[in-house]
Each structure stands twice: as structure tokens, then as C-alpha cells.
1. List the residues, sorted by chain then number, that are 5 or more residues from A:H317 or on another chain and whose placed amide H is less than 5 Å from its amide H.
2. Work out the charge dipole of the range B:119-260 with +1 on the Cβ of Lys and Arg and -1 on the Cβ of Asp and Glu about the Cα centre, then indicate which of B:L138, B:A173, B:Q119 is farthest towards its positive end.
3. Positive end of the charge dipole of the range A:119-203 (Lys, Arg +1 and Asp, Glu -1 on Cβ, about the Cα centre): tell me which of A:V183, A:A200, A:L154 has its Cα farthest that way.
4. Give me the lysines in straight-line cross-link reach of A:K106: C-alpha distance below 26 Å, same-chain residues under 8 apart excluded.
5. Which value in nm describes the separation of the simple spin-label points at A:E388 and A:Q184, placed 7 Å from the Cα toward the beta carbon?
6. Sticking with the crude label model, points 7 Å out along Cα→Cβ, report the distance from A:A200 to B:I80 in nm, one decimal please.
7. Put +1 on the Cβ of each Lys and Arg and -1 on the Cβ of each Asp and Glu in the range A:227-301; which of A:F253, A:T293, A:G270 then has its Cα farthest toward the positive end of the dipole?
8. Can you work out ³J(HN,Hα) from phi for every residue in the range B:221-230, in order, using Karplus 6.51 cos²θ - 1.76 cosθ + 1.60 and θ = phi - 60°, giving whole Hz and x for Gly and Pro?
Amino acid sequence: MTPEDGSARNGPDGQPPEGQASTAWQDEGSVVERGKSVPTDGNGVDHEASEQAGRAAAAGPRQTRYGRPVDSLGDGPGGGWRQPAGGSGTQAVDIQQPRAEDIDPKAARSAERQVALLFLTSAAAAVAFAVVFFVYPWEFRLDNSPNSYYTPILGILLGVALCAIGAGAVLWAKKLMPDEEAVQEREPFHSEPEIRAATAADLTRGLDEAGLPRRKLILGTLGLSGAALALPAVVPLASLGPSPKRELYTTPFTAGSRLVRLDATPVRLGDLKVGGIETVFPEGHTHAADAATVLIRLRPDEVRPAAGRENWTVDGHVAYSKICTHAGCPVGLYEQQTHNLLCPCHQSLFDVLQSCKPTFGPAARPLPQLAIALDPDGYFIAQGDYSEPVGPSFWERG
Amino acid sequence: MNPAAERSLRTRRFRLSGSAGLLLALTVIGGVYAVLAPSSRAAEGAQSTAIAEGRALYLVGCSSCHGLNAQGGNEAPSLIGVGGAAVQFQVGTGRMPLAASGPQAERKDVEYTQEQIDQMAAYIGSLAPGPEIPEGDLTDGDLQAGAELFSTNCASCHNFAGAGGALSYGKYAPSLAPATPEQIYAAMQTGPESMPVFSDSQLTPAEKRSIVRYVDYINQSKDYGGHGLGRYGPVPEGLVVWLLGIGGLLGVTLWIGARA
């Protein structure tokens, strides 16, 4: 981007000649002034403009690099686009329009007042925040009192305090700060050949001085220490926890475990009505995540046990695992009339009358069934653990 | 007099005296009964009036589907044993009389006055024993316990804030916002449509009152964060954040970076 008239050519080290600025802006004043007297060579072409115009022309005739037709000059917020270099010797003119604030001192004063007002608003909001914090009624109440607006008011005031500073700063920059386009020369990317040679010489000399190829003992022990570093990186994997062993295959249910609710009260025959559902756990394990079970009461004539499971139910009561066999969400949505258990996460639908076979959704296996019975006192007990692992599939499950 | 005429005269006399005698006997018995029958029947009278009125309303509005004796049929289930609570819920929320068949009866405008609903509830309750809404303040419960019970038993279908949720095949758990304490209590007791039945031995009346108090509380509570966005949780909140929040930030960024 050096003009051929040599007015601002940079020296061999990339710096501008002494006494010359490195940018046309510094050299020739603001764009507005340059617009009045464009430096051209004999062809009447402004080279800075032509560089950009060359790119613009490549995009298409009479179009800027952004594709907007150049006919729409002067639009856009406070500026137009540079005209591409015309072929018929037209003089390229920098047609960026000046801002109102640059030309009209009244507009500048009004912009200044606007920015000052925003900063004042911010200060006022910050002070109001402090006042509201101490003065406004803040105690939590259940009724319809203004107390419930305490936090929102504080939030709004803080938001205004911060945003007003930001808005003021942005408007100050847009309206009042110098608005010029400056072109800065780019340094060439490559270093000079002398520098490259000197750097290479430095590197080889450093390597020689270190003497590594000669000192085999050092090299060998360095290699050993690097290899041994693999040990502290790999060995801590052994602390990834005890092996789960059979954890995934078993739940805390055993033969004779009473079914209890979350509050540890046992469930009796007769607590549930037909169409009722209760979440139960084995006694003493109400926090066991894999033992969550749903106890459902069907009409006795509705129960259709699978083969081999005829004595797994008690008077229409059936118990199934609450953990979805798809991804483990609690299947608690029981549709009483259609006897479906719906999982809320991915909408797997299990038909309770078909031993919780999945009839819709991504679950592939039925919910495991818990065989239940009654103890002599009339409380529900489990006949044993689940017949298969509960929950989603895992690799060893097969 | 000839024997034929005598016979006819005798029978005519008997016929006349038969009907007159009957009338006389009825009058005597009726008068004695009215005088001697016990008079303390005002309450029973009112109840039987309510049941009778309820039956009349039932026959007009409900019997075409539920049967003349509430025995049910192909179109509608039997109402024998559902209790007055079921009537209070179904008719009180406008779900009955059913507007159209579909996956679920929807809440709509209530067709009867509360007095008429009470009468129909009395009639249905008289058919067989069934759940009834208890007297007294139904919101007299423990708010904390109600919150825990709600999250265990109700929130999986009705959403953590009672905003409702979807079930399968077009059914849904409705929003609890328009429900009155009586309707909430009756719904727990009777398990309408897809809702499970929560008997009094599963959720005691005190626990039911706690749940009612909690639902009442969340229905009246404000959304402290501003707009509740339907109280559905992360999905609408995420929508607002992505569209309005990040979109707005993009707009501000463009505004800052635009040419002066």
C-alpha cells in the first residue's frame, strides 16, 4: 500500500521514513479534510482507495466488498462507502459523510448532554439501590404484599445502573469520539534474510554448547525420566473406585422385606384402592436408588400374570420396578384407566396388564416385576429380589 | 220380585257398597295415619327432597348415557358407588355433562348451580356408599408436608408447580390453577379419568388437606422472577434466553459495532 509518488514509502526495516507518519491519516489529516483534497498521482487515482476498490471491483461492478450497490451512497449510520476506481478516469472521492456532531456544535452539545444524562441515571439508580436495600420492606410473606417485589426492584435498579453506563459509553464513542478511517501499513511477514540467518546460527550454536550429542549419560537418563513419567499418569487409574462386582444385578430387596413408603410406614392390604399407586421401598432402605418400586392395585380379574408368575401378585396388587429400562428415570405416571405407566423423560409407555411390556417409546425391555406376598400381619412383603437387574441396560447384562 | 231381578239388585248393592266401603276405609286410615304419624321428619324430608331433586336432575341431564338407574352402559360407566365427591368434581368442574367424546373430558363451563350439584351428589351418594368430601376447611394442613407429598405423588404428572403435563395418546394431567380446594380433594379421593385413586388409607385426610393447602399456596403465589412462562420450567425459560436474551445481546453487539 505504498503510493508511487513516494510520499509515504516505508524504509527497509518496515518503519516509515523519518518525519513521515506511517498512516495516511497521521500524514494527511482527517478523512474529512482528505476528502477535500485527495492525493492522486498522474492518473488521478487514489491508490489507497484503489487497493480496496480492487477488491471491491473483484466482487462485482459498482459494488462494495459487502455487496451493497454503490448507488446508495451516504446511507448507513453516518457513512457511505468508498467508490471503486472508475475506468474512465473518474476521480475517486472519499465520500464518507461527516457526522452531525462533527459539523454542528449544537448537535455535539446535545449528544454530550445525552451521554451525561445516561451517566447520571446510572448514578441515581445506584444510589436508589442503596436506599431501597435498607428502607423497603423485605420480610418474606405469604400474602399479597409489596414485600415480594423487593428483589425484583433491586435487580432492576442494579441493571439500570450498569446498562446506563454501558449505553452512555457506547453513545459517547459513536457520537463524539473521533470518527475517522485510518489506514495502517502492514509489516511484511517474513523477517529479513540477515535476521533469519542470525537466528539459525544462534540455535545451532546453542545446541552445540549444550553438548547433548556428546553427553550420552545425560541423554539416557533424560529418556528414562521421560518414560517413567508415564507411571504417575497411568497408575492413579487404579483408584477409580472399587469394582461394582454384582451391585448392578441386585437390589436391597430380600425374601421377607416389607414394602414401606418413603416415610418408612409399611403398606397393608387395603391401604390402596383399585386404581391406586404407591411408591415403595424395602424396609430400611428408603434411600436406595435402585430399589424404587411402584405398587399398583388392579381389579383381581384384570391381572393377567405371565407364565410362571401366577403367585407374584396379591389380590390384584402388582409391584414393578420404578426405574425405566431405557435411561433410568422414575416411571411414576400411572394412567389408571388405560393401565399404562408413562416415563416422563422419553415417553416410554409400559402396559401394566402385559407385565409392563413397553408399547411405545425407546424402552426395549419390560419393567422387572417384584414378586410380593402378605406376611401374617397383613403387610406386603417381597418374596425375594427382582428376577432380573433393574434399570437401563449395561454391557454385562447381555 | 223375581229371582233374577233380586240377584241383580243384590250385586248392584254389593258393588256400590264395595267401592264406598273402600273409600271410607282409605279415608279413615289416612286420617289416623296423618294424625298419629311422628312429626319429627323435617331433616329427613329435606334430605329426601335433595335426593329427589337430584334424581330429577340426573334423569334429565345424565341418564341418557349413565342409565336410568345409574347402572352405566356402553357409553358411560356405572355411577353406583362413585360417591358424592365424584359428582362434585365432575359436574363442579364442568367436565360433565360431556361435550364430546375424546381421549379425555375437559374442564369447561359449569352447567349447574352449586345447589343442583349438591342435590345430584346427594342422589348419587344415596345409591351406594362412596367417597364424600368432608366438612370443614380443606386447606387446614401443613404446608411443608404438603409440599413433600405433592412432589412425591403429584408432581410427576402435574408438574412441580401444578402447571399440568402430557400423558399418552392425547390425554393430559390438567393444570391445577383453576381448581378449588373441594375439587382438589375430590380428585384425590375419586381418581377421575387417568388419575390414580388416593384412598384415605393411602393419603390420610390430614395429608390430603396438606396437599390442598400446598396447591392453594402455589396457585396464589407470585412468580418472583417476573413472568412465570407457564411455569413449565427449563424449556420455555431456555426459549426466552436463546431468542430474547442472546438475540438481544447480538443486537446490542451489532449496534455497538456499527459505523457511527
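1. Amide H to amide H, under 5 Å and 5 or more residues apart or across chains, A:H317 pairs with A:L298.
2. Toward the positive end, the furthest listed residue is B:A173.
3. A:L154
4. In chain and number order, the partners are A:K36, A:K174, A:K175.
5. In this crude label model, A:E388 to A:Q184 measures out at 6.9 nm.
6. For the pair A:A200/B:I80, the computed spacing is 10.7 nm.
7. Result: A:G270, furthest along the dipole toward the positive end.
8. With the stated coefficients, the range B:221-230 comes to 6, 7, 8, 5, x, x, 8, x, 6, x Hz.
Quick note: the coordinates plus some simple rules give every number you see, no bench work behind them. Keep in mind the model is a prediction, meaning the values are calculated, not measured. All Cβ positions, glycine included, derive from the backbone under ideal geometry; neighbour counts span all protein chains shown.
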